[in-house]
Amino acid sequence: MDSNITLRQAKILGAIVEQYAEVASPVGSSLLAKAFGVSSATIRAEMALLEEAGYIHQPHTSAGRVPTDKGYRYYVNKVTDSDNPQQIQGRAERALSARVSGGGEAERTIRNAVDTIVELTHNLGIATIGKQLYMSGLSNLFGQPEFISGSQAKQVAILLDNLEPWLKEAAPNKPLNVYIGRENPIGRSAGCSLIISKFRSPFSDSSYIGVIGPTRQSYRDVMTLVRHAGEVLEEELHE
């Protein structure tokens, strides 16, 4: 973790990430002042320091702030570090478990998992099935406000075109992999985050399931769900 950021600044950054994910518009100091029980001036001073350090930025059209890729990375690392793998399953995880349990053909089970993730996250869902990449929810992705412009949509299309060969070549090895914005090895300018879980399937020991969405994500919820999807599929397909 970055020792240059104070605990209060970390909490303010977390609130900006979560609020921006919810409302898709820059987050102002007055909203945060109420949440933290301090003055707007105090929040503005902290936001100025966060902006100077590169964690947030101010779109020229707004008085509010939005997270940068660096800000999202700090938040995601903090979520990952504080995760309790034994946490009680939430409603979304239980819904996914119910949809993929009960046996059945492997390809259909994986597709069910992807379709469920799409319904629960409103993102684009992906999975590798054999030598193919299954995708569901394209309209969700291109319906996001970030991708209304044609140039941005083109960058997303480039990412999708190159995703399958990149997965085969890079073969990310962690149970959960999070690539934020410009961290994406492909489609760096797409303004997307790729969250994928590796699992063993009858098709490959390196199968993947996950989502692609705007960098404006509810990372904690989506990461938990994607990790759970990988765990449930591996268990279900290797009973």
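The values are calculated or read from the model by the stated rules, or taken from the named source; none is laboratory data. Everything numeric here is computed off the predicted structure, so don't read it as measured data. Here the Cβ positions follow ideal geometry from the backbone for every residue, glycine too, while neighbour counts run over all protein chains shown.
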Can Glu119 be described as within 19 Å of the chain's Cα centre (by Cα), without any contact (Cβ under 8 Å) to a residue 24 or more places away in the chain and surrounded by 15 or more Cβ atoms within 10 Å (Cβ to Cβ)? yes
Within the range 38-64, which residues are acidic (Asp, Glu) and modelled with pLDDT under 90? none
Going through the range 131-150 in order, the residues found to be surrounded by 11 or more Cβ atoms within 10 Å (Cβ to Cβ) and not polar (S, T, N, Q) are Leu133, Tyr134, Met135, Gly137, Leu138, Leu141, Phe142, Gly143, Glu146, Phe147
Looking across the range 156-176 at residues that are free of Cβ contacts under 8 Å to residues at least 24 places away in the same chain and of a type in the set (Asp, Glu), the single one that is surrounded by the fewest Cβ atoms within 10 Å (Cβ to Cβ) is Glu169
Against the definition (surrounded by fewer than 18 Cβ atoms within 10 Å (Cβ to Cβ) and in a helix (DSSP H, G or I)), how does Ala229 come out, yes or no? no
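For Tyr179, indicate whether it is closer than 30 Å to Ala15 by Cβ, out of contact with any helix residue (DSSP H, G or I) (no Cβ under 9 Å at 6 or more places or on another chain) and buried (at least 17 other Cβ atoms within 10 Å of the Cβ).
For Tyr179, the condition - closer than 30 Å to Ala15 by Cβ, out of contact with any helix residue (DSSP H, G or I) (no Cβ under 9 Å at 6 or more places or on another chain) and buried (at least 17 other Cβ atoms within 10 Å of the Cβ) - is met.
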Filter the range 103-137 for residues that are of a type in the set (Asp, Glu) and either part of a helix (DSSP H, G or I) or under 17 Å from Glu231 (Cα atoms) (or both) and give the result. Glu107, Asp115, Glu119
Residue under evaluation Asn140, criteria (1) part of a helix (DSSP H, G or I); (2) in contact with a helix residue (DSSP H, G or I) (Cβ under 9 Å, 6 or more places away or on another chain); (3) more than 27 Å from Ser25 (Cα to Cα), criterion not met: (3)
Within the range 25-35, can one find any residue that is under 25 Å from Ser139 (Cα atoms) and either within 23 Å of the chain's Cα centre (by Cα) or among the charged types (D, E, K, R) (or both)? yes
Inspect the range 184-195 for any residue being basic (Lys, Arg), free of Cβ contacts under 8 Å to residues at least 40 places away in the same chain and either closer than 21 Å to Leu96 by Cα or not assigned by TED's automatic domain parsing to the domain that holds Thr116 (or both) and give the result as yes or no. no
